[in-house]
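Take a look at the structure set out below.
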Amino acid sequence: MFSKFKTKMENPEFKKKFMIYAAVIAIFWAKMYYVQGSVFTLNIENANEAAILAFNPLSSIFLLFGVGILLGGRKGMLGMYIFGSLLLYVNVLFYREYNDFLTIPMLGQAANLAGLGGSITDIMSATDIFLFLDVFVAAFLLFFLRKNRLQSFMPKRKEGLILAMIAVPLFVVNLGWAQTERTELLQRAFDRNMLVKYLGVLNFHAYDLVLQGQTEAKRSFADSNELAPVLNYLNEKKTEPSEEMKGIAEGKNVIALSLESTQTFVVDNTVNGQELTPYLNDLKEEGAYFSNFYHQVKQGRTSDSEFLLDNSLYGLNRGSAFFTHAGNEYEATPEVLGKEGYTSSVMHANDASFWNRDTMYDSLGYDRFYSKKDFDVTEDKSYNWGLLDEYFFDESLDKMEQIDQPFYNKMITLTNHHPFTLPEDKQMIEPGQTSSKTLNNYFQTIRYQDEALKQFVEKFKKSDLADDTVLVIYGDHFGISENHKKAMGEYLDKDINEYEQFQLQRVPLLIIGEGIEPKEYDTVGGQIDLRPTIMNLLGVEDDNPVQFGQDLFSEDRQELMIDRDGNFANEEYVGVNGNCYDRETGEPVEGEDACTSGFKQAEEELALSDSVVYGDLLRYLDETEMIEQKASSDKKE
C-alpha cells in the first residue's frame, strides 16, 4: 500500500492535490486546536491531556471533509469547511455566555433566538472575524489557483471515501487514548467539558446525535415496570414533612416569585459603598430565609427552575423539558392544587411561545397564562428583554386581585437578564469596577430589581390579598457564569476555585406568610424541595409519589442538594468534579470515602429522575398504584 502511495506521489498532479488536502486539513485543525485550547476552559491538567487535545480534532476533520468530497467534490469540501466553522463559532458564543456546549435539543429551540437580540450581540467580539479568515484561505486553495492548477485539482469520490474511512481508526485511537485518562468516558454524558476535552467539539456533537437517538427511543420502548425502581428509591428516601408547619397556610393563596438571575452573593453585599439589595436585606427578616439554597438548573435555565418547582423532578442535562417533553403526562403542582379548588396562573411579560411555555403550561395544568399580550408593553416601559420589572409587578398585582381565590400564581421577572443593561434614568448606583463589564452592569440591574421588588411587596402588603397569601421569593439561576470568575474574585477579594464557584450557585429563598416565623435557616436545599415545602404549608396531601424533593422545614429531611452535573452539597461536605471539600471551610477533605456516598447518590438520583422524564413514566402512575394496592391487599389477606 505504501509503495502504491509513493508511486502516486511521483505524479505531479496527485502530489499537488495531496498538498492542497493536507493544507486545508492543517488550517482547520489549527483553528480547532486554538478554539478548544484557548477559547474553551477545558482545564488541561497534564502533558498527556494536552496531547489528546491536539490529536482529537483529526478524526472529525477527516470525516467532515471526506463526506464533503464524497457528496460534492471541491464544493462539498468547502461547504463542510464552512459548516464546521459555523458550528464551532456557535459553540464559542454559547460557551461565552453559558460555559457549556450546544446540544441537539438546544438547537431545536432556535425559535428562542428571536428573543435574544442584545444578548447575542453583547457576547460577540470584533476579533471574531479572525475565526473566519481561514475560510477564505481554504476557498483560495480549492478554487482560485491559476487555471492549469484549477483543472488539475479534481477530487474523486473515492478519495472522499478514503478520507472518511481514515476517520474511523483515528477515532478509535482517540477514544482509547482518552480512556487512559478517564475510564468509561462515554458514560459521563453530563460532563460536556470533559467530552470535548478528550474527544473534540465536533466528535462531541456526533456523540450527542447518538444520545438524541437513544433519547427518542426511550419513550417508545418504556413500560410501567421502569417506574418500580423509581418508587422503591423514593420510598427508601422518604421523610416526614414538618408537623409543626403542616397546614399553617391552609387555604391561602400562593405567589411564587421567580427573580431572574439572582444569586445569594448580592444579599447583604455592597458595591461602591452602596447596598445592592437594601430592600431584600430587610425583607428577609420578615420570613423564613434559606441561606444555603441552591439553583439546580442546566441548559433550560428559567424553564428548568419552573420544572423543578412544579414537579420536584430534575431538569434535563441536555436541552429543556419545556421543549423536548412538553407532551408528557405530569401531575404537577397546578393540577394537584386544582383538585383542592385552586385557580392556577403564570405571569410573564414575554411572548407566550418563548421557551414553548404556552404548550408546556397546558401540560402542567395551569388555568391561565398572562403573557406579553396581556400586559401594557410600550416602548417607554420596556428595555432590553421587555417590560421593566416595576411595570410588570404593578400590573401583575392588579390582575391577581381579580383572580378567583384561593390561587396559585407564578411570576417571572425579566429585567435582571443578560446583558444586564438599563436606561440611564433607572440606574440607581454606579456600575462596578471589576474587569468584567457583565458583572459591573449586573450590580445595576440587581439594584433596580430590588427597588421594583420593594414597590411590589409594599403595595401587596396594603392589598386585600396580604393576609390570605404566602409569598415565596426565590432566585431562578445564576446570573454571572464561570467565565467571569476572575472578576468575581476581584469583587469578593478571594480566589474563585471550584469550591467557591459551586457556592456561588446559591440563590435566595424567602417564604413570608402569617404563622411563618421570621428566621434564617442554614439547612442545605435546592429548588427541587420547593413543591413539597409549599404543599406541606398548605396542608395538601400530595398523592404524586414521584418527587425527589423534601420539605425544607422538616427536621428529619436529608440535607442534600444535587446539581445537574452530579455535584452535591450536604451537611458536612461539598463534592465537585470528583473532589471533596469541607462545606463550612472550603478546605479539601483527605480520604476517598468522605464524598463517595454523595456522588453515588447524585448519580443514581439523576438517572432515576431522567428515566421518569425520558420514558414519560408518570403516564403509568395510576397503573402502578393499582398494582401496589392489590399487592398490599393480598398481603393482608
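The values are calculated or read from the model by the stated rules, or taken from the named source; none is laboratory data. Note that the structure is predicted; figures quoted are calculated from it, not measured. Cβ atoms come from the backbone with ideal geometry, glycine included; neighbour counts cover every protein chain shown. Keep in mind that these areas ignore ligands, DNA and RNA; they rest on the heavy atoms of the full protein, side chains included. Shrake-Rupley method; radii C 1.70, N 1.55, O 1.52, S 1.80 Å.
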> Do you know which of the residues in region 37-52 that are within 19 Å of residue 180 (Cβ to Cβ) and out of contact with any helix residue (DSSP H, G or I) (no Cβ under 6 Å at 6 or more places or on another chain) is most open to solvent (accessible area, probe 1.4 Å)?
Replying inline: 45
> Considering 238, 252, which residue is more than 30 Å from residue 41 (Cα to Cα), surrounded by 15 or more Cβ atoms within 10 Å (Cβ to Cβ) and among the charged types (D, E, K, R)?
Replying inline: 252
>> Just to be sure I understand, how many residues within region 226-272 are in a helix (DSSP H, G or I) and of a type in the set (Gly, Ala, Ser)?
In response: 1
> Can you pull out the residues in region 295-316 that are in a loop (DSSP other than H, G, I, E, B), open to solvent by 10 Å² or more (accessible area, probe 1.4 Å) and not basic (Lys, Arg)?
Replying inline: 295, 297
> Across region 208-225, what is the number of residues that are assigned to a helix (DSSP H, G or I) and at pLDDT 90 or above?
Replying inline: 2
>> Restricting to region 175-209, name every residue that is free of Cβ contacts under 8 Å to residues at least 60 places away in the same chain and loosely packed, with under 13 Cβ neighbours inside 10 Å.
In response: 176, 183, 184, 187
>> So for region 422-438 (the condition being assigned to a helix (DSSP H, G or I), within 29 Å of the chain's Cα centre (by Cα) and of a type in the set (A, V, I, L, M)), does at least one residue qualify?
In response: no
>> Which count do you get for residues in region 90-132 that are open to solvent by less than 60 Å² (accessible area, probe 1.4 Å), hydrophobic (A, V, I, L, M, F, W, C), part of a helix (DSSP H, G or I) and at pLDDT below 85?
In response: 6
>> Looking at region 57-74, can you tell me whether even one residue there is outside any helix (DSSP H, G or I) and at pLDDT 95 or above?
In response: no
> Can we say residue 480 is at pLDDT 95 or above and in contact with a strand residue (DSSP E or B) (Cβ under 8 Å, 6 or more places away or on another chain)?
Replying inline: no
>> Among the numbered criteria (1) over 20 Å from residue 420 (Cβ atoms); (2) at pLDDT below 80; (3) open to solvent by less than 30 Å² (accessible area, probe 1.4 Å), which one does residue 135 miss?
In response: (2)
> Going through region 452-505 one residue at a time, which ones are closer than 18 Å to residue 408 by Cβ, open to solvent by 60 Å² or more (accessible area, probe 1.4 Å) and in a helix (DSSP H, G or I)?
Replying inline: 467, 468
>> Being out of contact with any Lys or Arg (no Cβ under 7 Å at 6 or more places or on another chain), surrounded by fewer than 24 Cβ atoms within 10 Å (Cβ to Cβ) and under 19 Å from residue 258 (Cβ atoms) is the filter here; which residues of region 268-283 pass it?
In response: 283
>> Quick check on region 567-591: of everything there that is outside any strand (DSSP E or B) and β-branched (Val, Ile, Thr), which residue is nearest to residue 506 (Cα to Cα)?
In response: 585
> Which of the residues spanning region 374-413 are crowded, with 21+ Cβ neighbours inside 10 Å, of a type in the set (A, V, I, L, M) and in a loop (DSSP other than H, G, I, E, B)?
Replying inline: 388
> Within region 429-463, which residues are touching a helix residue (DSSP H, G or I) at 6+ places or on another chain (Cβ under 7 Å) and among the hydrophobic types (A, V, I, L, M, F, W, C)?
Replying inline: 429, 439, 446, 452, 453, 456, 457, 460
>> Scan region 423-431 and tell me whether some residue there is at pLDDT below 95 and in contact with a Ser or Thr (Cβ under 9 Å, 6 or more places away or on another chain).
In response: no
>> Out of the strands (runs of 3 or more DSSP E) lying entirely within region 506-566, which hold 3 or more residues that are under 17 Å from residue 296 (Cβ atoms) and touching a helix residue (DSSP H, G or I) at 6+ places or on another chain (Cβ under 9 Å)?
In response: 560-562
> Of these, 66, 79, 73, which one is in contact with a Pro (Cβ under 7 Å, 6 or more places away or on another chain) and small (Gly, Ala, Ser)?
Replying inline: 73
